[in-house]
Amino acid sequence: MTELDVKEIVASGCLQKMATEPGSPALGSPAQYTLRAGEQRLALNKYLGRSLQLEWTGAIACTHCGRATRKSFGQGYCYPCFKGLAQCDTCIMKPELCHFHVGTCREPDWGLRFCFQPHIIYLANSSGLKVGITRATQMPTRWLDQGAIQALPILAVDTRLQSGLVEVLFKQLVSDRTNWRAMLKGEVAELDLAAERDRLLGEMSDGLDELRQRFGEQAIRELDEVAQQFEYPVLEYPTKVTSHNLDKTPRVGGRLMGIKGQYLIFDTGVINLRKYTGYEIRLTV
Ligand SMILES: [Zn+2]
């Protein structure tokens, strides 16, 4: 065995979403990523340019209850949790369908804590202009997870339901999706988000007034914030995006060329780590 064959395990355990910090783009410092596997934490930026291997052991543990599951549902849950938890219900992805008021919330206590608290409607630029919603406490994590290069909070509301209804209005004019291939190719032009906000609020004023009549004049508040900018640790963007799939190929890797959103960009292809939440992995150098 030559020295090159010796692999060092730098992290092992069940994957969670990477933790992110925005860094200081103005000072040339990009977003900072931390891989989370089980109890282990690994600062990833320093591995840029190095060869890394990611291997799935074949085991998956539910991210909520820890029980072993052969398949992952809803990015990291066992089937009973996926069917039983409020956080896995359709109304989390589509808050306008919130059914708390009819008494059918899967977990009313959880609903009270997570859905009945301030939410923000924002504009972001991940692969072009998009609208989105998030709990106020999730900024700027939410934007970094999407690989946004710019983001601007535009409205604050009191509940998740209200944020969903506002988003439905905006979706008539703006996408709520990220084109992840374009995001990963880095082909994203800067936008004037403040100008987009002013234009959209103007066009949406009738719809917003209707919601204010329903929920109260103070329920939907315009924010006067400055757009935030984000940069990512990327040595070189891929010209063609191919994605790795641990279910088909349990051992992937290559030279780490970048990290953006929840993706690792290898010279051999990209992998969306969030998709493998709960997968037991070994990361070796
Ligand atoms: Zn579970």
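The values are calculated or read from the model by the stated rules, or taken from the named source; none is laboratory data. Remember, it's a predicted structure, so these values are computed and weren't measured experimentally. Cβ: placed from backbone, ideal geometry, glycine included. Neighbour counts: every protein chain shown.
A few points about this structure:
- Qualifying residues in segment 67-90 (those that are at positive phi and in contact with a Gly (Cβ under 9 Å, 6 or more places away or on another chain)) - the one nearest to the ligand (Cβ to nearest atom): 76
- Meets criteria (more than 16 Å from the ligand (Cβ to nearest atom), surrounded by fewer than 15 Cβ atoms within 10 Å (Cβ to Cβ), outside the structural domain of residue 273 (by TED's automatic domain parsing) and not hydroxyl-bearing (Ser, Thr, Tyr)) for residue 94: yes
- Those residues of segment 237-277 which are hydroxyl-bearing (Ser, Thr, Tyr), out of contact with any Lys or Arg (no Cβ under 7 Å at 6 or more places or on another chain), assigned to a loop (DSSP other than H, G, I, E, B) and buried (at least 19 other Cβ atoms within 10 Å of the Cβ), in sequence order: none
- Some residue of segment 145-154 being part of a strand (DSSP E or B), in contact with a Gly (Cβ under 7 Å, 6 or more places away or on another chain) and among the aliphatic types (A, V, I, L, M): no
- Checked against (1) in contact with a Lys or Arg (Cβ under 8 Å, 6 or more places away or on another chain); (2) among the hydrophobic types (A, V, I, L, M, F, W, C); (3) within 16 Å of the ligand (Cβ to nearest atom), residue 59 passes all but a single condition, namely (1).
So that you can scan it fast, the table gives a plain yes or no per residue for (1) at pLDDT below 95; (2) outside the structural domain of residue 146 (by TED's automatic domain parsing); (3) in contact with a Phe, Trp or Tyr (Cβ under 6 Å, 6 or more places away or on another chain); (4) among the polar types (S, T, N, Q):
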| site | (1), (2), (3), (4) |
| --- | --- |
| 32 | no, yes, no, yes |
| 35 | no, yes, no, no |
| 42 | no, yes, no, no |
| 53 | no, yes, no, yes |
| 56 | no, yes, yes, no |
| 61 | no, yes, no, no |
| 66 | no, yes, no, no |
| 73 | no, yes, yes, no |
| 85 | no, yes, no, no |
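- The single residue among 104, 137 that is over 19 Å from residue 177 (Cβ atoms), in a loop (DSSP other than H, G, I, E, B) and more than 16 Å from the ligand (Cβ to nearest atom) turns out to be 104.
- Selection status of residue 90, more than 23 Å from the chain's Cα centre (by Cα), closer than 30 Å to residue 169 by Cβ and not hydrophobic (A, V, I, L, M, F, W, C): no
- Filter result for the condition that a residue is closer than 24 Å to residue 32 by Cβ, surrounded by fewer than 21 Cβ atoms within 10 Å (Cβ to Cβ), of a type outside the set (A, V, I, L, M) and not assigned by TED's automatic domain parsing to the domain that holds residue 265, over 130, 185: 185
- When the residues of segment 16-42 are filtered to those that are small (Gly, Ala, Ser) and touching a Leu at 6+ places or on another chain (Cβ under 8 Å), the one that is nearest to residue 281 (Cα to Cα) is 37.
- Filter result for residue 253 (farther than 30 Å from residue 160 by Cα and within 18 Å of the chain's Cα centre (by Cα)): no
- Pairs where the first residue, in segment 60-74, is farther than 13 Å from residue 87 by Cα and part of a strand (DSSP E or B) and the second is within 10 Å of the ligand (Cβ to nearest atom) and among the β-branched types (Val, Ile, Thr), C-beta under 9 Å, 6+ apart: 60/69; 61/69
- The one condition in (1) under 20 Å from residue 142 (Cα atoms); (2) exposed (fewer than 14 other Cβ atoms within 10 Å of the Cβ); (3) outside the structural domain of residue 255 (by TED's automatic domain parsing) that residue 89 fails to fulfil: (2)
- Selected residue [farther than 20 Å from residue 280 by Cβ and not in a helix (DSSP H, G or I)] from 111, 49, 13: 49
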